[in-house]
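*Asks:* Sharing a structure with you now.
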Amino acid sequence: MKRAVINSLGLVALLTFALGISSAPAHATNIGVLAVGSSFSDTIQSSGPSFSQDYDFTLNSSAHGITILATSLGQTSADFGVDMLDIALYDSSHNLIASASGTPIASFDSFAQSGLALGPGAYLFTVLGDVTAGKDAFVSISLAANNVVAQTPIPAAGLLLLTGMGALGGAAWRRRSSVTRGSSVAAA
C-alpha cells in the first residue's frame, strides 16, 4: 500500500513537471498579434535584487520577411538603477533568434543579428535584469515588427560609372607608364 502511494505521488510529480515545462511561464504577458509596422511598449518596476518578464506574441499569416526591433532602457538616478539587462527573442520551439545585454540599455534588430527574416508564428521575448543595490529598477521596453529591407540591386548607371572610373584609372596608369618609358629613352 505504501509503495503504491509513493509510486502515485511520483507519477503526479512527473506529470506536474512535464506540464510546467510544456506550458508558457505563468508570468508571461500575452501581447497578442504584433502586426507589421506596429509596436508594443511596457514598463517594468522592481525593488530587486533581480527581475524577469516574458512577453508572448504572434506574427500573423500575412507576415513574411519581418525583423523584430527590441529595446530595453533602465532609468538611472539617485533612486533607480539597473546593473545588467539581458533581452532575448525565441521562436515557438524555444530556439534563440537574437539577444543583447547591456546597461542601462540593451537593444537588437533580429534580422541584423541572426540573418533570419521572421514569418508567421508564435514568439517569446524575455527581459532579465539585476537591480542596483539600494535602488529600484524602472525599465522601459519596446518591441516593433518591421519589414526587412530588401537588398537594392545596383542600377545599370552605377555599373556604367564603375566601368568609366576603371577606364579612366587604366588610361592614367598607361599615360604615367609611357611618360616613365619616355624619360628612360631620353636619358639614354
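*Asks:* Compute the FRET efficiency between D56 and A133 as 1/(1 + (r/R0)^6), taking r as their Cβ-Cβ distance and R0 = 35 Å, and round to the nearest 0.05. Could you put the intermediate results ahead of the total?
*Replies:* Values: r = 31 Å, r/R0 = 0.90.
According to the calculation, E is roughly 0.65.
*Asks:* Each residue of segment 45-50 in turn: what ³J(HN,Hα) in whole Hz from Karplus with 6.51, -1.76, 1.60 and θ = phi - 60°, glycine and Pro shown as x?
*Replies:* 10, 7, 9, x, x, 8
*Asks:* Be a star and scan segment 42-72 for residues whose amide nitrogen sits under 19 Å from the point 7 Å along the Cα-to-Cβ vector of V33.
*Replies:* So the set is 56-68.
*Asks:* Can I ask one more? Take the solvent-accessible surface of the protein heavy atoms, probe 1.4 Å, and return the percent of it on segment 30-101 that carbon and sulfur atoms account for. Please report the intermediate quantities before stating the final value.
*Replies:* On the way: 1670 of 3590 Å².
Carbon and sulfur: 46 percent of the exposed surface of segment 30-101.
*Asks:* Taking the Cβ of S72 as the centre, find all other residues whose Cβ is under 11 Å away and add up their charges (Lys, Arg: +1; Asp, Glu: -1). Mind showing how you got there, number by number?
*Replies:* Details: positive: none; negative: D42, D86.
Result for the neighbourhood of S72: -2.
*Asks:* Between S93 and S107, what is the spin-label point distance in nm, taking each point 7 Å from the Cα along the Cα→C-beta axis?
*Replies:* 3.1 nm
The values are calculated or read from the model by the stated rules, or taken from the named source; none is laboratory data. Bear in mind that the values here come from a model prediction, so they are computed numbers and not experimental data. Neighbour counts run over all protein chains shown; Cβ positions are idealised from the backbone, glycine included. The area values use the complete protein model at the heavy-atom level, side chains included, leaving out ligands, DNA and RNA. Shrake-Rupley method; radii C 1.70, N 1.55, O 1.52, S 1.80 Å.
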